[in-house]
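The values are calculated or read from the model by the stated rules, or taken from the named source; none is laboratory data. Owing to the predicted nature of the structure, the values given are computational and were not obtained by experimental measurement. Glycine also receives a Cβ, built like all others from the backbone with ideal geometry; neighbour counts cover every protein chain displayed. Just so you know, the surface numbers come from the protein's heavy atoms only, side chains and all, with ligands and any DNA or RNA stripped out. Shrake-Rupley method; radii C 1.70, N 1.55, O 1.52, S 1.80 Å.
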Amino acid sequence: MTALCPAGRLDAVRDRVDASSGLVLRGWASRDAVSVMTAFADPLMRGQADVPVDSARAAERWITARGDDWAAGSAFSFAVVDGEDTVLGQVSVGAVNRRHSTGWVSYWTTAAARGKGVASLACRTLADWALHDADLFRLELGHRVNNPASCRVARAAGFSVEGRQRQKLAYDGIRYDVELHARLATDLPR
């Protein structure tokens with residue numbers, strides 16, 4: 001896959017990154033549709049997509065959209081898989097702004113992968129990739145303040161807390177404050 005780089009030319013960027021502990025970040029493929037559909041069936045995941053991912057066809061559209069975003073250079077999404085190529089989650093950097101070299105990081109894991117350090121390692125690997133391969137300078141991410149697990153992932157991935165965004169997100173008619181984190185290309189490794 002290719003991405004538009006700051007100089008305006010198409011440069012190849014890796015769409016497969018080997019992380020430690022046997023995890024791999026790789027581009028999404030059509031063979032992942034059942035895994036995507038299963039992940040979004042989890043009650044914790046249902047509201048995480050812009051449109052419901054509640055069928056194989058919807059999962060295929062979700063995967064296609066990830067590829068389209070990658071081709072446009074507007075977002076880079078990876079399937080997080082183990083050594084058997086089992087999907088354990090997703091990490092991505094979206095809302096890529098080339099003028100300012102910024103992006104927004106998001107992540108999720110399947111129910112079976114939660115609490116095992118998968119999200120932290122995948123998020124750290126993605127951030128390293130985005131700051132080097134994708135030539136971004138600043139990465140941001142946010143989580144609801146009532147989600148301490150996501151906060152632990154962000155901190156373990158080297159993101160610093162920058163503040164609170166009041167009532168930024170709405171789920172089921174309830175507004176939530178979001179804690180904002182960021183990681184810069186100049187930040188020292190933790």
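Points 7 angstrom from Cα along the Cβ direction at ARG16 and ARG61: gap in nanometres?
That separation, rounded to one decimal, is 3.0 nm.
Taking the simple approach of a point 7 Å from Cα along Cα-to-Cβ for both ASP85 and VAL34, what is their distance in nm?
1.3 nm
Kindly identify the chain as rounded, prolate or oblate by the Cα gyration tensor criterion: order the square roots of the eigenvalues as a ≥ b ≥ c, call it rounded if a/c is under 1.5, otherwise compare a/b with b/c, prolate if a/b is larger, else oblate.
The shape class here is rounded.
What are the extents of the Cα atoms of the range 60-158 along their three principal axes, listed from largest to smallest and rounded to whole Å?
Result, largest extent first: 37, 31, 23 Å.
For every other residue with a beta carbon closer than 14 angstrom to the beta carbon of ALA170, add +1 if it is Lys or Arg and -1 if Asp or Glu, then tell me the sum.
+1
Can you check what the net charge comes to around SER21, using other residues whose Cβ is under 14 Å from the Cβ of SER21 (Lys, Arg +1; Asp, Glu -1)?
Result for the neighbourhood of SER21: -1.
Divide by every residue of the chain the summed helix terms, -39500 (n - 2.57) for each DSSP H run of at least 4, and state the resulting mean residue ellipticity at 222 nm, rounded to the nearest 500 deg cm²/dmol.
-8500 deg cm²/dmol
Ordered by packing density, taken as the mean number of other Cβ atoms within 10 Å over each peptide's residues, highest first, how do 142-151, 112-121 rank?
Ranking the peptides 142-151, 112-121 by packing returns 112-121, 142-151.
Please list GLU84, GLU60, GLU140 from largest to smallest accessible area, probe radius 1.4 Å, with all protein chains kept in place.
Correct descending sequence by accessible area is GLU84, GLU60, GLU140.
Give, in nm to one decimal, the length gained when the segment between ALA170 and ASP187 is fully stretched (0.36 nm per residue of separation minus the Cα-Cα distance).
3.0 nm
If I model a spin label at ARG99 and ASP54 as a point 7 Å from the Cα along the Cα→Cβ vector, what separation in nanometres do I get?
3.9 nm
Work through the residues other than PHE78 whose Cβ is under 14 Å from its Cβ and net out their charges, Lys, Arg +1 and Asp, Glu -1.
Surrounding charge for PHE78 is -3.
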